[in-house]
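Structure first, commentary second.
The values are calculated or read from the model by the stated rules, or taken from the named source; none is laboratory data. Every value quoted in this text rests on a predicted model; they were computed, and no experiment measured them. Note: ideal-geometry Cβ built from the backbone for every residue, glycine included; neighbour counts use all protein chains shown. Just so you know, the surface numbers come from the protein's heavy atoms only, side chains and all, with ligands and any DNA or RNA stripped out. Shrake-Rupley method; radii C 1.70, N 1.55, O 1.52, S 1.80 Å.
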Amino acid sequence: MCGIVGYVGPQSALDVVVAGLKRLEYRGYDSAGVAVLSDGSLAAAKRAGKLVNLEKALVERPLPSGTTGIGHTRWATHGGPTDANAHPHLDNAGRVAVVHNGIIENFAVLRAELEERGHALDSETDTEVVAHLLAEEFSATADLAEAMRLVCRRLEGAFTLVAVHADDPDVVVGARRNSPLVVGVGEGEAFLASDVAAFIAHTRSAIELGQDQVVELRRDGVTVTGFDGRPADVRSYHVDWDASAAEKGGYDYFMLKEIAEQPKAVADTLLGRIDAAGSLTLDEVRISTAELREVDKVVIVACGTAFHAGLIAKYAIEHWTRIPCEVELASEFRYRDPILDPRTLVIAISQSGETMDTLMALRHAREQGSKVLAICNTNGSTIPRESDAVLYTHAGPEVAVASTKAFLTQLVACYLVALYLGQVRGTKWGDEIRAVIRDLSKISQEVERVLKTMEPVRELARSLATKNTVLFLGRHVGYPVALEGALKLKELAYMHAEGFAAGELKHGPIALIEKDLPVVVVVPSPRGRSVLHDKIVSNIQEIRARGARTIVIAEEGDEAVAPYADHLIRIPATPTLLQPLVATVPLQVFACELATARGNEVDQPRNLAKSVTVE
Ligand code: M6R
């Protein structure tokens with residue numbers, strides 16, 4: 001939630017910051033603002049709505065030029081998306097400006113104290129108090145980093161803060177607790193951002209900030225300390241993708257580009273994880289094989305699309321390892337007092353590595369003594385940093401709010417973890433593991449093949465643009481696929497969409513079926529557990545008899561479904577457990593096209609943000 005950028009160096013700070021905000025707009029697009037230091041004073045501009053509104057305002061009333069600046073793109077929490085609530089927030093003298101991501105939980109108390117001391121606060125945000133507190137501490141210390149440390153020690157909640165002060169013109173100061181903030185180090189310049197995408201066009205050299213740290217950015221270097229003022233250890237790293245990876249590359253939307261990148265993303269996630277003999281070598285899983293042999297329960301925690309990946313992983317983990325596996329929405333997990341102990345392996349799945357619900361769930365699990373393995377797409381983010389081990393997906397940056405390539409690579413990573421557990425514990429023979437790996441290695445081409453046959457799916461989506469409801473049915477691993485298809489449609493097309501276990505329909509939801517209601521059915525392979533296949537064919541007949549318009553996703557060669565399909569979408573034949581890797585792709589295309597047909601913003605659906613860093 002919210003994107004933050006800070007810059008100090010020889011370039012126009014405004015240009016660097018606005019370009020950075022464009023790359024972070026996926027994090028929130030309720031309002032945007034910038035502040036620049038120029039000739040000993042501070043100039044700021046902010047506008048409700050998307051970044052384009054701010055850009056227009058900057059054309060109408062340009063800011064003076066300067067080489068130190070900060071910027072923000074907002075996903076509103078406290079206070080509606082208005083000009084007044086947009087960041088940056090300034091103190092009463094207009095000398096300090098601050099931008100913030102997160103929630104300051106004790107802001108009401110701090111605000112009351114400030115008002116008692118004569119400060120006038122104009123916004124409804126939790127952030128504005130920080131500008132005023134910084135101004136007070138700066139007048140006592142004349143040191144912005146020290147002022148930030150003093151203020152942070154009084155704040156409760158989750159926050160990333162970035163500030164500048166007109167009396168300290170070549171310095172940008174940032175602070176982080178529970179929300180992301182990365183430093184970019186260039187030649188004679190430095191950057192701060194919520195995500196490396198904001199500065200990747202300038203430098204690929206990054207520093208990961210730890211929990212409760214303050215960073216002081218100057219042209220000639222950066223200094224990192226803890227909130228207590230002690231020098232902090234930091235990790236530097238090289239970003240292994242370049243600016244083009246964070247651009248649309250000729251596609252109309254990031255989502256289309258990211259759907260098209262799936263064959264590569266799937267292949268990349270497998271790369272380097274299989275040795276010459278065909279065994280798995282998950283070096284990053286730093287939990288010892290002895291500990292993995294002791295595991296007696298796996299618990300997966302995740303949100304949204306990552307949760308659906310977890311639901312599918314359960315089938316593979318239990319089938320290949322015979323270890324019981326629970327899958328839980330991260331936002332519910334710690335509140336129900338889950339039974340955890342050192343023999344429980346908790347797997348936290350997150351594209352961003354910053355989802356607060358998932359982070360809190362993993363912290364809870366570690367407090368109970370469980371080991372946590374993160375499956376994550378974002379190098380250096382908080383979730384892998386706070387886990388005992390990490391398996392990175394190599395999907396590359398995912399910018400569109402709707403998750404696509406991250407989902408497929410999360411599935412691949414989950415299959416790898418399940419097989420690895422099977423390998424370590426001896427519940428799968430080497431040749432069985434190699435056979436699954438061979439099947440997984442073919443998936444990239446199969447996804448490519450699915451992508452080439454999507455025109456009828458797009459056409460179908462366009463023909464349904466005026467419908468209000470679409471239902472999705474599946475059985476076995478097709479059930480989470482149905483949930484994922486429904487989630488994609490809700491978030492992109494703003495339609496009523498529900499995913500159901502097909503067998504559950506007769507227990508209530510079948511009452512929803514009416515004439516011409518589109519129902520998408522994900523059909524399991526007839527070559528797997530044929531009983532499942534036969535039962536879903538019956539389910540299709542049941543809904544068709546009640547007037548549903550059936551949209552059937554079935555593997556090539558499955559002729560049994562053809563008579564009952566109003567629309568038949570073919571996917572390549574794959575082993576049962578791997579079918580979600582191909583069956584999900586038409587649903588992504590379907591949702592994207594329906595959103596376009598309904599005139600919705602594909603990459604930035606209403607009310608949403610890519611990375612949800614509040615609980
Ligand atoms: O970054 P994460 O994987 O932790 O994000 C979890 C969900 O917020 C995310 O998958 C969300 O549901 C997507 N918008 C779905 O497309």
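Annotations for the structure displayed:
Here is a yes/no grid of residues against (1) on the phi > 0 side of the Ramachandran plot; (2) within 14 Å of the ligand (Cβ to nearest atom):
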site: Ala309; (1), (2): no, yes
site: Asp341; (1), (2): no, no
site: Ile349; (1), (2): no, yes
site: Gly353; (1), (2): yes, yes
site: Leu359; (1), (2): no, yes
site: Ala365; (1), (2): no, no
site: Ser387; (1), (2): no, yes
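- Test result for Ile375, under 15 Å from the mean Cα position of the chain (by Cα) and under 16 Å from Thr613 (Cα atoms): no
- Residue tally, condition more than 15 Å from the ligand (Cβ to nearest atom) and either on the phi < 0 side of the Ramachandran plot or not in a loop (DSSP other than H, G, I, E, B) (or both), over the range 321-339: 10
- With respect to (1) away from the ligand (no atom under 14 Å from the Cβ); (2) touching a Leu at 6+ places or on another chain (Cβ under 9 Å), the lone exception for Ala400 is condition (1).
- Pairs meeting the criteria (first residue in the range 350-372 and assigned by TED's automatic domain parsing to the domain that holds Ser331, second residue away from the ligand (no atom under 15 Å from the Cβ) and polar (S, T, N, Q), beta carbons under 7 Å, at least 6 apart or on different chains) are Ser370/Thr344.
- Of residues in the range 522-531 being assigned to a loop (DSSP other than H, G, I, E, B) and surrounded by fewer than 23 Cβ atoms within 10 Å (Cβ to Cβ), the one modelled with the highest pLDDT: Pro526
- Restricting Ala163, Ala198, Ala206 to those that are closer than 27 Å to Glu247 by Cβ, more than 19 Å from the chain's Cα centre (by Cα) and among the aliphatic types (A, V, I, L, M) reduces the list to Ala206.
- The single condition among (1) farther than 13 Å from Ser611 by Cβ; (2) within 14 Å of the ligand (Cβ to nearest atom); (3) of a type in the set (A, V, I, L, M); (4) not in a loop (DSSP other than H, G, I, E, B) that Ile383 does not meet is (1).
- Hits in the range 532-574 (condition: closer than 19 Å to Leu587 by Cβ, part of a loop (DSSP other than H, G, I, E, B) and touching a Pro at 6+ places or on another chain (Cβ under 7 Å)): Glu556, Asp558
- Single residue of the range 582-615 satisfying the filter (part of a helix (DSSP H, G or I), in contact with a Phe, Trp or Tyr (Cβ under 9 Å, 6 or more places away or on another chain) and open to solvent by less than 20 Å² (accessible area, probe 1.4 Å)) that is nearest to the ligand (Cβ to nearest atom): Gln588
- Any hit, the range 67-86, residues being open to solvent by 60 Å² or more (accessible area, probe 1.4 Å) and modelled with pLDDT of 95 or more: no
- Ala260 vs. criteria under 30 Å from Pro586 (Cβ atoms) and touching a Pro at 6+ places or on another chain (Cβ under 6 Å): no
- Applying the criterion of being open to solvent by 30 Å² or more (accessible area, probe 1.4 Å), touching a helix residue (DSSP H, G or I) at 6+ places or on another chain (Cβ under 6 Å) and free of Cβ contacts under 8 Å to residues at least 60 places away in the same chain to the residues of the range 464-500, the residue that is nearest to Leu587 (Cα to Cα) is Glu498.
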